[in-house]
Amino acid sequence: MKPIPVLLITGANNHDWKRSAPLLKGVLDRSGMFAVTLTENPSAVLEAGDLGRFSLFLLDYNGPDWSAAAQKNFLAAVSGGTGVVAVHAANNSFPEWKEYEKMIGLTWRSVSGHGQFHEFTVKRTAEPNPVTRGLSDFRIKDELYHKLVRTPGVDLKVLATAWSDPALGGTGLDEPMFTTTQYGKGRVFYHALGHVWAGDPVPGSGCSLVALENPGFQDTLLRACEWAATGDVTAPAK
């Protein structure tokens with residue numbers, strides 16, 4: 001199979017993109033299924049056009065607004081069928097960009113938060129999708145986002161949840177971990193996991209890259225990327 005062309009968009013984040021982006025690229029590269037181009041200057045690449053050569057945009061970005069031309073080209077590509085996978089804090093981005101909120105469908109806004117960094121179980125829901133087809137529940141040590149904001153009017157599908165423990169600062173609710181939306185012809189997947197701060201490991205935090213190196217995180221990332229790009233998943237469930 002010809003490798004799936006991916007544009008990994010990074011270069012700014014409140015998380016440690018200088019470690020997360022190369023790790024994400026490495027996961028995709030090692031699978032042999034993807035050909036990844038990494039950019040730390042999204043506006044320049046997106047302004048240049050020729051985005052039809054990419055089947056997928058992988059977003060590891062939470063930073064300054066892109067230029068108007070970059071935004072326009074990005075939306076046009078996704079609407080035309082380029083898939084999107086947004087990882088962790090990528091849903092924090094662009095609070096004034098309404099079309100981005102429609103695309104992602106579930107965003108971190110002023111009411112959102114998370115409890116302590118801790119180990120929890122990610123459980124698939126009954127919602128059918130190739131990404132979670134046959135997938136086992138798994139344990140991960142990570143940030144568990146809660147009170148994410150659903151974009152009104154968007155058909156959001158929740159593929160997996162995790163229980164937010166109130167004893168650890170959570171809500172006592174099952175919070176969405178994997179969601180999908182459709183933007184025009186583009187399939188969009190939001191992956192809520194993948195926390196790492198700059199400077200981790202902080203003594204006693206247990207953070208480091210433990211979330212990004214988790215097999216469940218990496219397996220679902222690969223499956224999400226294949227689905228968003230092609231509409232199906234060929235890799236066997238683990």
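Which one is surrounded by the most Cβ atoms within 10 Å (Cβ to Cβ), of the residues in the range 66-78 that are among the small types (Gly, Ala, Ser) and closer than 14 Å to residue 183 by Cβ?
Across the range 66-78, the extreme among qualifying residues is 77.
For residues that are buried (at least 23 other Cβ atoms within 10 Å of the Cβ) and assigned to a helix (DSSP H, G or I), tally how many sit in the range 79-99.
Adding up the residues that qualify gives 4.
Table: residues versus (1) of a type in the set (Asp, Glu); (2) in contact with a strand residue (DSSP E or B) (Cβ under 8 Å, 6 or more places away or on another chain); (3) without any contact (Cβ under 8 Å) to a residue 60 or more places away in the chain.
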position: 16; (1), (2), (3): yes, no, no
position: 52; (1), (2), (3): no, no, yes
position: 89; (1), (2), (3): no, no, no
position: 114; (1), (2), (3): no, yes, yes
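Any residue that is in a strand (DSSP E or B), surrounded by fewer than 17 Cβ atoms within 10 Å (Cβ to Cβ) and charged (D, E, K, R) - is there at least one of those in the range 182-198?
Checked against the condition, which is being in a strand (DSSP E or B), surrounded by fewer than 17 Cβ atoms within 10 Å (Cβ to Cβ) and charged (D, E, K, R), the range 182-198 yields no hits at all.
Does residue 157 count as among the basic types (Lys, Arg), surrounded by fewer than 20 Cβ atoms within 10 Å (Cβ to Cβ), over 14 Å from the mean Cα position of the chain (by Cα) and at pLDDT below 95?
When the stated conditions are applied, residue 157 does not pass them.
The values are calculated or read from the model by the stated rules, or taken from the named source; none is laboratory data. On a predicted model such as this, the values are computed, not experimentally measured, just so you know. No Cβ is skipped: glycine too gets one built from the backbone with ideal geometry, and neighbour counts run over all protein chains shown.
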